[in-house]
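A short worksheet on the structure shown next.
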Amino acid sequence: MIDKPHDYCGIFGVYDHPDAALLTYYGLHALQHRGQESAGIVTTYFDEKKDRHIMPMHKDFGLVLSVFDDSKIFKRELKGNLSIGHNRYSTSGSSKNPANIQPFRVHYRHGNLAIGHNGNLTNARILRDRFRDEGVLFQTTSDTELILHLISHSREEKQIDQVLEALHQIEGAYCLVILTDDKLIAVRDPNGFRPLALGMKDGAFIVASETCAFDIIDAEYIRDIEPGEVLIIDRNNGESEPLKSYYLDPKEGTTTSQCIFEYVYFSRPDSRIFGENVDKIRRNLGKQLAKEHPLNEVIKYPDRDKRPIVISVPDSSNTAAIGYAHESNKAGFDCKYDIGLIRNHYVGRTFISPGQKSREQKVRTKFNTVRGVLEGRSVIIVDDSIVRGTTSRYLVEMIREANPKEIHFLVSSPPITHPCFYGMDFPSTEELIANKFNGDVAAIAKEIGVDSVRYLSPGGLVSAVKESNDSHHSYCTACFTGDYPVPVNFGVEKEENEIV
Ligand code: SF4
């Protein structure tokens, strides 16, 4: 509905807690922003009467609250101390297929296995062709199924070795939670594209895409799963230490490339990802924006009562706007952060607006202006990104109705010019406003109806992130620069090779 890229999935796992499914439900709810079309939970327990492990599953289309709207599901169905969960967003073509809802669960010669995936395999085509040649039938259009086939086709004896062998054959972006009959396995690809963290609650281990999922269940953050780490959590492994890590090597010639867009927009500001708080990074992006684009020479105002106001496009741009106002004031540009746009949080993805003006109506349904703040003032809008520019244009139209003196649009990231092949959904390259106008900011400003548009530079983005996060890991910036850290070999239509 809102013109932003979409992340595809959130994942969550619990090892050894009597309320494993319930904790997973809360965790998925906190990760709802990472996928809003379907949700699912798988647990595992040993059934004494049947003398075997059972792996119950509950999943469906819809938000977490509606998929798990019956509390009996947790007591009667989703029994067991181990659990994994998955939130999914999908492309329109495949979203109607219930087979694509994760987690996926299989029973094969070594027991039960379930998997939840956040990311996108870049060698999916090669693997799919190989399996098709061998006569393997696919039940879904998801590349996650390939991982299950790789595990079940392995000739290794031990299940852990089968998983490791499978992981050595996949490339691209993948954070995984894998549930066996008695283990939880958390995996982050060697490039570390997507975030994944380890936490603890009441002695139980928790794994989540973002740490906001720990906070909702009052779990303690322990550390990030490292790029390339395969973390096996198993208290029955005969060793005193329940955690055992293996490491996957990055593809030759590549280094870590954590998705910088997670900091710009995708992750929740109250999360800690890649070793640093998202809120702190966004604030720094706003400060960097102020350093690169001081507006004191551009905006003139007669008295302090009429000083320019800085507003954010809520909620993802709030802290960048605060950072911009703070740094501008420090540099002598007297501006004031204020709330000029209000967001309605009760509008879900399913909101339908019939009629010609539906997109405009959707924006009006999601946002409203605070007229008293905007009227007669020079307005500086800070947004985290512009994709097609459609939402920006409607927002500006609404702000103009409040009679501001002028409007300047500042973006706390560089122009988006390239698609993402590592687990984010962007519109086609031609639809991106920066490409449509060949990077001409004056033309972009005219298109969205503002007096000027200014972007953060690619160098400024990276340095602002690194200034706040001194981790030795580096970042992917491909959607801004076209510099893809891992070669892409899809070769199939996007819908066929669905991203999760
Ligand atoms: S291309 Fe952009 S969105 Fe995709 S992983 Fe790289 S930085 Fe993130």
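The values are calculated or read from the model by the stated rules, or taken from the named source; none is laboratory data. On a predicted model such as this, the values are computed, not experimentally measured, just so you know. Glycine also receives a Cβ, built like all others from the backbone with ideal geometry; neighbour counts cover every protein chain displayed.
Points worth noting:
- Flag for Asp161 being surrounded by fewer than 19 Cβ atoms within 10 Å (Cβ to Cβ) and acidic (Asp, Glu): yes
- Residue that is farthest from Asp224 (Cα to Cα) [pool: residues in segment 270-284 that are among the polar types (S, T, N, Q) and in contact with a helix residue (DSSP H, G or I) (Cβ under 8 Å, 6 or more places away or on another chain)]: Asn284
- Helices (runs of 4 or more DSSP H) (entirely within segment 416-495) containing at least 1 residues that are over 21 Å from Cys9 (Cβ atoms), away from the ligand (no atom under 16 Å from the Cβ) and out of contact with any strand residue (DSSP E or B) (no Cβ under 8 Å at 6 or more places or on another chain): 433-436, 441-448, 458-468
- Within segment 4-24, tally of residues that are more than 19 Å from Ser267 (Cβ to Cβ) and either modelled with pLDDT under 95 or aromatic (Phe, Trp, Tyr) (or both): 1
- Hits in segment 165-206 - residues which are of a type outside the set (Phe, Trp, Tyr), within 16 Å of the ligand (Cβ to nearest atom) and part of a strand (DSSP E or B): Gly172, Ala173, Cys175, Arg188
- Any hit, segment 233-241, residues being in contact (Cβ under 8 Å) with a residue 40 or more places away in the chain, surrounded by 14 or more Cβ atoms within 10 Å (Cβ to Cβ) and within 16 Å of the ligand (Cβ to nearest atom): no
- Residue in segment 391-415 that is nearest to the ligand (Cβ to nearest atom), counting only those that are of a type in the set (A, V, I, L, M) and out of contact with any Gly (no Cβ under 9 Å at 6 or more places or on another chain): Val411
- Of all residues making up segment 99-143, the number that are within 28 Å of the chain's Cα centre (by Cα) and touching a residue at least 40 places away in the same chain (Cβ under 8 Å): 29
- Within segment 248-267, tally of residues that are crowded, with 21+ Cβ neighbours inside 10 Å, more than 9 Å from the ligand (Cβ to nearest atom) and in a loop (DSSP other than H, G, I, E, B): 2
Residue-wise test of (1) within 20 Å of Tyr265 (Cα to Cα); (2) among the basic types (Lys, Arg); (3) touching a Pro at 6+ places or on another chain (Cβ under 7 Å); (4) part of a helix (DSSP H, G or I).
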{"site": "Glu297", "(1), (2), (3), (4)": "no, no, no, no"}
{"site": "Lys300", "(1), (2), (3), (4)": "no, yes, no, no"}
{"site": "Ile311", "(1), (2), (3), (4)": "yes, no, no, no"}
{"site": "Asp315", "(1), (2), (3), (4)": "yes, no, no, no"}
{"site": "Thr319", "(1), (2), (3), (4)": "yes, no, yes, yes"}
{"site": "Gly323", "(1), (2), (3), (4)": "yes, no, no, yes"}
{"site": "Asn329", "(1), (2), (3), (4)": "no, no, no, yes"}
{"site": "Phe333", "(1), (2), (3), (4)": "no, no, yes, no"}
{"site": "His345", "(1), (2), (3), (4)": "yes, no, no, no"}
